[in-house]
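Encoded as structure tokens, the structure appears first; notes follow it.
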Amino acid sequence: MTPRFSPVWLVLIGIFSVQFGAGIAKSLFDDVQPTTIVWLRLVTSALVLAAVARPALRGRTTRDWLVVVGLGASLGIMNWAIYQSFARIPLGIAVTIEFVGPLTLAVLGSRRLRDFAWVLLAAIGVALLGFERADLTLAGVLFALLAGASWAAYILLSAQTGRRWPGLDGLAVASIVATLLLTPLALRPGGDSLADGHLLALGAAVGLLSSVIPYSCELVALRSLRPAVFSVLMSLEPAVAALAGIVVLRELLSPLQWGAMACVVVASVGATRSGATLAEPVPD
């Protein structure tokens, strides 16, 4: 049966949803700690995924648990670190720097020397951001780099989890692990805001926009979309993050910052397309 929506549109919906969700989350930072917003996001996604997947926990090996706990830890650190970065530097710049993590991972999977030119291009882009220091803080950059490293770890562990846990079981369990990991931090500073019904509702909305909707769109899209095409589409995330920053937060970027972002986006597209030529085609 022909799908009602193009899988490309589903991926784009997911990208816009996650980045505009991040913009809304950042707009709340004056009233609530970033860690609390991250925790509410993870709680929402964990509850929805657990209800949908109803993961079977019996009969799992020690290795199964180590992999899924590692996935949950990388998921929690990735989300916590990028929100800490959002609190310190513009949204589009934070996502641009974060993207260096999966980009480096993609290039390291290749043995061709010329593919490392894409990392060099991305490095030039990140270096260009340093010329606009008024918008940057060292802590914001370091948190974005930590988020990027955690994203790369998440990609590696997600593949292993998918082989060991059926369906959405692994992602549901990992989301619960990530939530538990951040619970002590969320209940300390800013924990009183969890009694505010308005903020709870906004936090749940962020969870839907930043986790539930993107995960659902990607899951459906990947059933009929080539992984290489999916990776190229995901390369648009820094640009969409910058757009969300402009629309939601009025974070205007300079021409130099747009140029730096373009370097990272082009490098990501080049790396994923180059990697696709090495991979076996995926049947439609």
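The values are calculated or read from the model by the stated rules, or taken from the named source; none is laboratory data. Not measured: the values here are computed from a predicted model. When we count neighbours, we look across all protein chains shown, and the Cβ atoms used for this are built from the backbone with ideal geometry, even at glycine. All accessible areas refer to the heavy atoms of the entire protein, side chains included, with ligands and DNA or RNA removed. Shrake-Rupley method; radii C 1.70, N 1.55, O 1.52, S 1.80 Å.
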Q. If R0 is 30 Å, what FRET efficiency do you get for D31 and L142 from their C-beta distance, rounded to 0.05?
A. 0.75
(Q) With +1 on the Cβ of every Lys and Arg and -1 on the Cβ of every Asp and Glu, and nothing else charged, how large is the dipole of segment 1-114 about its Cα centre, in debye rounded to the nearest 20? (A) 560 debye
Q. In nm, what is the difference between 0.36 nm times the number of residues separating W65 and A117 and their Cα-Cα distance?
A. 15.0 nm
Q: Mark the label point 7 Å from the Cα of R58 along Cα→Cβ and return the residues of segment 166-183 whose backbone N is within less than 20 Å of it.
A: 166-170, 173
Q) Which whole-Hz ³J(HN,Hα) couplings does segment 26-39 yield from phi under the Karplus relation 6.51 cos²θ - 1.76 cosθ + 1.60, θ = phi - 60°, glycine and proline marked x? A) 5, 5, 8, 5, 6, 10, 8, 5, x, 4, 5, 5, 4, 4
Q: Counting only heavy atoms of the protein chains, get the accessible area per residue of the chain (1.4 Å probe) and round it to a whole Å² value.
A: 49 Å²
Q. Highest GNM mean-square fluctuation, the chain, Cα pairs closer than 10 Å: which of R63, R54, R250?
A. R63
Q | Under Karplus coefficients 6.51, -1.76 and 1.60, residue-wise ³J(HN,Hα) of segment 44-51 in Hz, glycine/proline x | A | 4, 5, 5, 5, 5, 5, 5, 5
Q) Put a dot 7 Å past each Cα toward the Cβ at A51 and I124; how far apart are the dots in nm? A) 4.9 nm
Q. For segment 1-109, what size does the Cα cloud have along each of its three principal axes, sorted from largest down, in whole Å?
A. 45, 39, 35
Q. Using only Cα atoms, what Kirkwood radius does the chain have, in angstroms?
A. 19.3 Å
Q.
I'd like the carbon and sulfur percentage of the solvent accessible area for the chain, probe radius 1.4 Å, heavy atoms only, ligands and nucleic acids excluded.
A. 68 percent
Q. Can you give the calculated 222 nm mean residue ellipticity of the chain, where each DSSP H run of n ≥ 4 adds -39,500 (n - 2.57) and the sum is split over every residue, rounded to the nearest 500 deg cm²/dmol?
A. -24000 deg cm²/dmol
Q: Enumerate the calculated ³J(HN,Hα) couplings along segment 242-249 in order (Karplus 6.51 cos²θ - 1.76 cosθ + 1.60, θ = phi - 60°), each rounded to whole Hz, writing x wherever the residue is Gly or Pro.
A: 5, 4, 4, x, 5, 6, 8, 10
**Q.** Net lengthening on full extension, I155/V220 (0.36 nm per residue, minus Cα-Cα)
**A.** 21.6 nm
